[in-house]
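K.L.:
My questions all concern the structure below.
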Amino acid sequence: RHFDQNRAPLGLFYHAAWLKNNPEFLDAFLYWVDEVIENHPEVYFVTMTQVIQWIQNPVSIDSAKNYAPWQEKCSPGPRTDCFVPNSCKLSTDELPGESIRMHTCVRCPNKYPWLNDPTGDGFL
């Protein structure tokens, strides 16, 4: 359905330990990935962050090969530990009257992040 109908992203969620502890599954998975890449040049394997970047700024399949956010390599900076996260009591227009608690090591957003407001700024 993801490929032939609605083209919605297909999430692949595997725990690294599961693949490490089951090498035959890892072999089968990598075989499948290679086969998909070889037979479907219009399919991309990207991170969830890259999916969100594309949703926020979609491009055609012809432009996807050179899509700048997908060209970036992961280079995490130095890790900073967050021992006391902010506890944010937030609301969202999607659940009127509800309060949702969110813990974060950055500033609390104006509203609870949601599909139509992924940053929680409350501007959309």
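The values are calculated or read from the model by the stated rules, or taken from the named source; none is laboratory data. Please read these numbers as outputs of a predicted model, since none were measured by experiment. Methodologically, a virtual Cβ is constructed for each residue, glycine included, from the backbone with ideal geometry; neighbour enumeration extends over all protein chains shown. Each accessible area value is taken on the protein alone, full model and side chains, heavy atoms only, with ligands, DNA and RNA left out. Shrake-Rupley method; radii C 1.70, N 1.55, O 1.52, S 1.80 Å.
K.L.:
Treating cross-link reach as a plain straight distance, find the lysines whose alpha-carbon is under 21 Å from the alpha-carbon of LYS65, omitting any fewer than eight places away in the same chain.
P.N.:
Output for LYS65: LYS73.
K.L.:
Further, regarding this structure: Could you tally the net charge around GLU98, taking each other residue with its Cβ under 12 Å from the Cβ of GLU98, Lys/Arg +1 and Asp/Glu -1? If you can, show how the numbers build up before the last one.
P.N.:
Numbers: positive: LYS89, ARG101, LYS111; negative: ASP93, GLU94.
Value of the local net charge: +1.
K.L.:
Any idea what the relative contact order of the stretch 1-109 is, in percent, if you count C-alpha pairs under 8 Å spaced at least 6 apart?
P.N.:
Relative contact order comes out at 13 percent.
K.L.:
Sequence-distant or interchain residues sharing an amide H contact under 5 Å with LEU90, placed H: which?
P.N.:
ILE100, ARG101, MET102
K.L.:
Here is a further query. Averaged per residue, what accessible area in Å² does the stretch 50-124 show with a 1.4 Å probe, protein chains only? List each step's numbers first, then the result.
P.N.:
On the way: 6080 Å² over 75 residues.
Here the residues of the stretch 50-124 average 81 Å² of exposed surface.
K.L.:
Give the aspartates and glutamates whose C-alpha is closer than 14 Å to that of LYS111, dropping any in the same chain fewer than 8 places away, or say none.
P.N.:
Straight-line reach from LYS111, under 14 Å: ASP93, GLU94, GLU98, ASP121.
K.L.:
Can I ask one more? Placing unit charges on C-beta atoms (Lys and Arg positive, Asp and Glu negative, everything else neutral), compute the dipole magnitude of the chain about its Cα centre in debye, rounded to 20.
P.N.:
560 debye
K.L.:
Quick one: helix 23-39 against the long Cα principal axis of the chain, what's the angle to the nearest 10°, folded into 0 to 90?
P.N.:
80 degrees
K.L.:
³J(HN,Hα) across the stretch 44-55 via Karplus (A = 6.51, B = -1.76, C = 1.60, θ = phi - 60°), whole Hz, x for Gly/Pro?
P.N.:
Calculated HN-Hα couplings, in order: 10, 9, 9, 7, 5, 4, 5, 4, 5, 4, 5, 4 Hz.
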